[in-house]
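Comments concern the structure below.
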Amino acid sequence: MQADAALWARAAQADDAAFAEIFDRHGDRVYRHARRLVAQQADAEDVTAMVFLEAWRSRTRVRVVDGSPLAWLLVTATNLSRNLERGRIRHERALRQLRIEDAPDHAEHVAEEQGVTSRRAPVQSSFGQLSRRDQEILMLCVIEELPPREVAVLMRVPAGTVRTRLSRAKKRLREALEAGHPDVVSQWRGVQG
């Protein structure tokens, strides 16, 4: 199996097969990352497609970190997801101003009945209170499990800065969770024993 760096070098020269292999290797991970950032599954699929379209269009300028374009793909997914969510918010605001009522979405009700939303809601709510920089550091280092040195190269800051920001972001998330949802924190501590 060819290394990502070699595949990407071929893809940068417009090799379709190499680019397809990069997609096969990283497409699912980019999708999962986007799914955590957007409300709908279809939006995550759109973001994933847009990420790889942008990767193809920018293939000679993509930053390869530690021999892989994955970090660039994930950061691009983050940015595109934010743009998509901003557009959705603008659209909803425009609809409210027009006084057009949306049909109720039964998907949230189904998810609530399955308990998915209720278990995730406190953490999502607390995560949403964090700054964009804190969210980005947590998404890349904790959720995507990228090493701080890779994130540092991507963000063009020292690795120590990433570790410091990560530590502070974790602390702020814990504080937001404790302040807004102390019952969840006490349940979690009970499970840890």
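Pairs needed: first member in region 48-61, under 18 Å from R36 (Cα atoms); second member anywhere, assigned to a helix (DSSP H, G or I) and among the small types (G, A, S); C-beta distance under 6 Å; at least 6 residues apart or different chains. Close Cβ pairs (under 6 Å, with a partner that is assigned to a helix (DSSP H, G or I) and among the small types (G, A, S)) amount to T48/A34; V51/A77. Being modelled with pLDDT of 95 or more, acidic (D, E), over 18 Å from the mean Cα position of the chain (by Cα) and closer than 26 Å to L138 by Cα is the requirement here; does D24 meet it? Yes; evaluated as a whole, the condition is true for this residue.
When region 46-63 is filtered for residues that are touching a helix residue (DSSP H, G or I) at 6+ places or on another chain (Cβ under 7 Å), open to solvent by less than 70 Å² (accessible area, probe 1.4 Å) and in a loop (DSSP other than H, G, I, E, B), the ones remaining, listed by number, are R59, V62. Of all residues in region 126-142, those satisfying the criterion of being loosely packed, with under 14 Cβ neighbours inside 10 Å and closer than 17 Å to W72 by Cα are R133, V142. Within region 64-88, residues that are closer than 20 Å to S131 by Cβ and open to solvent by 20 Å² or more (accessible area, probe 1.4 Å) sit with their Cβ atoms under 9 Å from residues that are part of a helix (DSSP H, G or I) and of a type in the set (K, R), at 6+ positions apart or across chains, in these pairs: R82/R132.
Here E92 meets each of (1) modelled with pLDDT under 85; (2) of a type in the set (D, E); (3) not in a helix (DSSP H, G or I) with one exception, condition (3). Please go through region 167-182 and pick out each residue that is touching an Asp or Glu at 6+ places or on another chain (Cβ under 9 Å) and open to solvent by less than 80 Å² (accessible area, probe 1.4 Å). Residues satisfying the conditions are A169, L173. For the structure I just gave you, tell me whether F19 is within 20 Å of L154 (Cα to Cα), at pLDDT 90 or above and touching a Phe, Trp or Tyr at 6+ places or on another chain (Cβ under 8 Å). No; evaluated as a whole, the condition is false for this residue. Scanning region 147-164 for residues that are within 10 Å of I137 (Cβ to Cβ), buried (at least 17 other Cβ atoms within 10 Å of the Cβ) and at pLDDT 85 or above gives P148, V151, V162.
Any idea how many residues of region 20-30 are more than 19 Å from Q135 (Cβ to Cβ) and open to solvent by 30 Å² or more (accessible area, probe 1.4 Å)? Spell out the reasoning first.
Taking region 20-30 and keeping what is more than 19 Å from Q135 (Cβ to Cβ), we get 20-28.
Within this subset, residues satisfying the condition of being open to solvent by 30 Å² or more (accessible area, probe 1.4 Å) are 20-21, 23-25, 28.
Total meeting the criteria: 6.
The values are calculated or read from the model by the stated rules, or taken from the named source; none is laboratory data. Fair warning: this is a prediction, and the values are worked out from it, not measured in the lab. We place every Cβ from the backbone using ideal geometry, glycine too, and count neighbours over all the protein chains shown. Protein only, heavy atoms only, side chains kept; ligands, DNA and RNA dropped before computing areas. Shrake-Rupley method; radii C 1.70, N 1.55, O 1.52, S 1.80 Å.
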